[in-house]
Amino acid sequence: MFTGLIREMADVLSLKNGFLTLKADYKPKIGDSIAVNGACLTVVRVATGTFTVELSLESQRILAMENYRGKVHIEPAMMMGDRFEGHIVQGHIDCLGTVSSIKKNGTSTDFIISLPKDYSKYIIPKGSISIDGVSLTVNDVYDKSFRLTIIPHTIENTLFKTYKVGTKVNLETDMFARYIFNMFKSNDKKLSWDDVDSIMASY
């Protein structure tokens, strides 16, 4: 489990035959789970100042692989007793999103991210979402997209400063939204977003 708070921006040294080698200050152990751009991966090799994770063919098919170069977000899995911030992130990418608009909003910046319509039902206004592993709050939800307002600190310390219109990103929707939707999808009563907010607030 992760929180969506980026521990470090690591440098990609190589990506070959499904093995991604990163240079970072963080020193994991073999077998550790670490989120790289939001995807939970397993450390398979460790060397001085570097470590290697393995991406299965399934992971390579699902993830925005074009972002696994230059710099990437890394976050080690939480340990029991760690301070909990951000939101609950599993490191299981649901789908890819596409940056469709970037506009200044005062000192912050609005990003509109489009996504497959089948996943829009899991996006909740004022709820949480993970974009390339970054825990963020959703401002507005549309039919096939949603809006985020990103503060300057987040932009400067994440890959958001490199995003352009058309950039693909890894999306993980809110775990509770997915659970609640599946719990009630066969119910005849149609849930409103207010109903969902009320249910989530009870957890």
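Exactly one residue out of SER135, SER145, SER120, SER101 is in contact (Cβ under 8 Å) with a residue 12 or more places away in the chain, open to solvent by less than 60 Å² (accessible area, probe 1.4 Å) and touching a Gly at 6+ places or on another chain (Cβ under 8 Å), and it is SER135. Any residue in the range 62-73 that is touching a Lys or Arg at 6+ places or on another chain (Cβ under 6 Å), buried (at least 21 other Cβ atoms within 10 Å of the Cβ) and assigned to a loop (DSSP other than H, G, I, E, B)? Scanning the range 62-73 turns up no residue that is touching a Lys or Arg at 6+ places or on another chain (Cβ under 6 Å), buried (at least 21 other Cβ atoms within 10 Å of the Cβ) and assigned to a loop (DSSP other than H, G, I, E, B).
Can you tell me which residue among LEU13, LEU5 is open to solvent by 10 Å² or more (accessible area, probe 1.4 Å), under 18 Å from VAL169 (Cα atoms) and aliphatic (A, V, I, L, M)?
On the way: LEU13 fails: under 18 Å from VAL169 (Cα atoms).
After ruling out the rest, the residue left standing is LEU5.
You will find that of LYS161, LYS104, LYS144, LYS117, the residue that is over 17 Å from the mean Cα position of the chain (by Cα) and closer than 27 Å to LEU55 by Cα is LYS117 and no other.
Looking across the range 10-54, the residues that are closer than 16 Å to SER130 by Cα and touching a residue at least 60 places away in the same chain (Cβ under 8 Å) come down to ALA35, VAL36, ASN37, GLY38, ALA39.
The values are calculated or read from the model by the stated rules, or taken from the named source; none is laboratory data. Computed from a predicted model, the values in this text were never measured in an experiment. We place every Cβ from the backbone using ideal geometry, glycine too, and count neighbours over all the protein chains shown. For the accessible areas, the whole protein counts, side chains as well, though only heavy atoms, and no ligand, DNA or RNA atoms are used. Shrake-Rupley method; radii C 1.70, N 1.55, O 1.52, S 1.80 Å.
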